[in-house]
Amino acid sequence: MPLDDSQVTRVLAVAAHPDDLDFGAAGTVSQWTDAGIQVTYLLCTRGDQGGFDDTPRDHMPQLRETEQRAAAKAVGVTDVRFLDGFKDGWLEPSHDLQREIVRVIRQVRPDRMLIQSPERYWDRIGASHPDHLASGEASIRAIYPAARNPFAYPELLDDEGLQPWIVREVWLMADPSSSHFVDITANFGRKLEALHAHRSQTSHMDDLEGMLRMWGQRTAQANGLPEGSLAEVFRVVATG
Ligand SMILES: [Zn+2]
């Protein structure tokens with residue numbers, strides 16, 4: 001059973017690209033922030049390979065950072081951090097990436113983390129972009145064992161005074177064994193607002209709302225929720 005939200009003070013959400021967290025979990029995140037949980041977003045890249053128009057490529061990182069900050073605000077998240085030095089399309093679960101994630105885990109000290117699944121989801125190939133798998137793998141390696149082990153990346157403790165930290169629970173997005181459904185019917189408008197904020201990624205879509213509703217309804221139906229309900233789904237893993 002997942003932790004009750006009342007047992008959770010802080011959540012750290014990690015993803016490869018701006019918009020990943022919004023497509024996968026914005027409805028759920030808005031429920032967490034409504035419940036008073038402090039949520040931090042950590043984006044491994046600025047999505048510099050994204051977009052569908054002729055926006056100059058060198059404008060894309062700043063544009064997508066601005067879009068992600070606006071999307072986060074729509075669901076009550078104001079602490080949004082970006083890693084430097086990692087390129088969209090080139091993400092690997094390297095020690096450089098793991099160390100960066102461990103640093104933020106030890107700074108934020110989250111009870112719960114929301115990450116991308118490191119397992120490929122063959123039923124929906126777009127969910128398993130290689131960067132998503134890399135971000136997920138680096139995140140779970142950071143959660144266990146590195147963040148809790150003072151001798152992993154010892155410079156974080158020695159130079160920055162960052163104490164080891166145990167994350168109690170992990171929520172995986174787009175995992176093949178997802179089974180924890182969250183009813184987001186009441187929060188759907190905020191998810192839609194968050195995704196509209198990613199204009200460079202979504203403004204070319206004819207019916208963003210219809211697509212999001214269809215996904216949400218399918219997920220809700222799979223869980224036997226009443227007709228018209230919308231849901232997001234996760235795999236929840238105890239890591240504490
Ligand atoms: Zn992505």
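The values are calculated or read from the model by the stated rules, or taken from the named source; none is laboratory data. Not measured: the values here are computed from a predicted model. FYI the Cβ positions are ideal-geometry reconstructions off the backbone, even for glycines, and counts take in every protein chain you see. Ligands, DNA and RNA are excluded from the accessible area calculation, which covers all protein heavy atoms including side chains. Shrake-Rupley method; radii C 1.70, N 1.55, O 1.52, S 1.80 Å.
Using a Gaussian network model of the chain whose springs link C-alpha atoms within less than 10 Å, name the residue from I184, I125, I115 with the highest mean-square fluctuation. So, out of I184, I125, I115, the one fluctuating most is I125. In the context of the full protein assembly, T219 retains an accessible surface of approximately 30 Å², using a probe radius of 1.4 Å and ignoring ligands and nucleic acids.
With all protein chains kept in place, the per residue accessible area of the chain amounts to 46 square angstrom at a probe of 1.4 angstrom. Per-residue extension of 0.36 nm, minus the Cα-Cα distance of D96 and D123, leaves a gain of 6.6 nm for this segment. With semi-axes defined as the square roots of five times the eigenvalues of the C-alpha gyration tensor, the equivalent ellipsoid of segment 103-240 measures 33, 17, 14 Å, largest first. Phi-derived couplings, Karplus 6.51 cos²θ - 1.76 cosθ + 1.60 at θ = phi - 60°, listed residue by residue for segment 165-176: 9, 9, 7, 7, 8, 10, 10, 9, 8, 6, 9, x Hz, with x used for Gly and Pro. Rounded to the nearest 20, the size of the Cβ-charge dipole of the chain about its Cα centre is 460 debye, with Lys and Arg at +1 and Asp and Glu at -1.
In this structure the amide hydrogen of L114, modeled in the peptide plane, comes within under 5 Å of the amide hydrogens of L12, A13, V14, W171, none closer than 5 places in sequence on its chain. Think of it as helices only: each DSSP H run of n ≥ 4 in the chain is worth -39500 (n - 2.57), and spread over all residues that comes to -12000 deg cm²/dmol at 222 nm. Overall form of segment 163-240: oblate. Here a/c, set by the Cα gyration tensor axes a ≥ b ≥ c, is 1.5 or more, and a/b is not larger than b/c. Working note: Karplus 6.51/-1.76/1.60 with θ = phi - 60° gives segment 79-95 the couplings 8, 10, 10, 10, 7, 9, x, 10, 9, 3, x, 10, 6, 9, x, 6, 5 Hz, where Gly and Pro are set to x.
Computed over neighbours whose Cβ is under 14 Å from that of P154, the net charge equals 0, Lys and Arg +1, Asp and Glu -1. Between the alpha-carbon centres of segment 9-31 and segment 112-165 there is a gap of 15 Å.
The 3J(HN,Hα) values that the Karplus relation (6.51, -1.76, 1.60; θ = phi - 60°) gives for segment 13-27 are, in residue order, 10, 10, 8, 6, 10, x, 5, 4, 5, 6, 4, x, 8, 4, x Hz. Gly and Pro appear as x.
Putting +1 on Lys and Arg Cβ atoms and -1 on Asp and Glu Cβ atoms, find which of G89, G27, I166 reaches farthest to the positive end of the dipole of segment 17-171. Value computed over the given set: I166. Residues in segment 127-145, backbone N under 14 Å from the label point at Q163 (7 Å along the Cα-to-beta-carbon vector): list them, ranges by number please. Within reach of a label on Q163: no residues.
For segment 1-132, what is the charge dipole size about the Cα centre, in debye to the nearest 20, if Lys and Arg each add +1 at the Cβ and Asp and Glu each add -1 at the Cβ?
Working: 15 positive and 22 negative charges, 93 e Å.
Once rounded to the nearest 20, the dipole reads 440 debye.
Each Lys and Arg adds +1 at its Cβ and each Asp and Glu adds -1 at its Cβ; summed about the Cα centre, segment 88-164 shows a dipole of about 340 debye. Look at the dipole of the chain built from charges on Cβ: of L43, V14, N149, the Cα furthest out on the positive end belongs to N149.
The modelled label-to-label distance between Q107 and M1, using points 7 Å beyond Cα along the C-beta direction, is 3.6 nm. Accessible area of H196 (1.4 Å probe, protein heavy atoms only, ligands and nucleic acids ignored): about 100 Å².
Placing dummy labels 7 Å off each Cα toward the beta-carbon, the span from Q62 to K87 is 2.1 nm.
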